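To start, the structure itself, in structure tokens.
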Amino acid sequence: MDAGHASELANIKMLGKLIGRCDPGKAFPVLLRHYLSLNGRMVCFNIHSNFNDSLEGLIIVDARKTDHKTLSRFLGAKGLKTFLEHQKLADSA
């Protein structure tokens, strides 16, 4: 993880604390934190009027740029090997 990415994750933790102070019992959404830790990028937002006016966002994660150890957690060893072969990426492990 590069220094810039570590800094972004620190800001997410700080944002979570701020949310908790402003609205006790609330926190930064866990799934959003995980997607952002995978270098996910928010590309657009929408207010979902049929779902209590909730905020929804489209997140794009480029799995080709995700750490192989992290991918292995989600895909398993065989899935990671298949993914790397399909994407013509070198296995760094």
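Would you check if there is a residue in the range 10-21 being at pLDDT 85 or above and either over 16 Å from the mean Cα position of the chain (by Cα) or surrounded by 12 or more Cβ atoms within 10 Å (Cβ to Cβ) (or both)? Explain how you work it out, then say what you get.
Filtering the range 10-21 down to residues at pLDDT 85 or above leaves 21.
Narrowing further to those that are either over 16 Å from the mean Cα position of the chain (by Cα) or surrounded by 12 or more Cβ atoms within 10 Å (Cβ to Cβ) (or both): 21.
Within the range 10-21, one or more residues are at pLDDT 85 or above and either over 16 Å from the mean Cα position of the chain (by Cα) or surrounded by 12 or more Cβ atoms within 10 Å (Cβ to Cβ) (or both).
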Checking Asp62 against (1) at positive phi; (2) modelled with pLDDT of 90 or more, which single condition isn't satisfied? (1)
Hey, can you tell me all the residues within the range 61-86 that are loosely packed, with under 10 Cβ neighbours inside 10 Å and either more than 16 Å from Asn39 (Cα to Cα) or hydrophobic (A, V, I, L, M, F, W, C) (or both)? Ala77, Lys78, His86
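Name the single residue that is surrounded by the fewest Cβ atoms within 10 Å (Cβ to Cβ) among those in the range 34-60 being of a type outside the set (Ser, Thr, Tyr) and in a helix (DSSP H, G or I).
The initial filter retains those residues of the range 34-60 that are of a type outside the set (Ser, Thr, Tyr), namely 34, 36, 38-48, 50-53, 55-60.
Still in the list and also in a helix (DSSP H, G or I): 34, 36.
Values: His34: 12, Leu36: 20.
My answer is His34.
The values are calculated or read from the model by the stated rules, or taken from the named source; none is laboratory data. Bear in mind the structure is a predicted one, so any value in this text is a computation, not a measurement. A quick note on method: Cβ atoms are made from the backbone with ideal geometry, for glycine too, and the neighbour counts reach across all protein chains shown.
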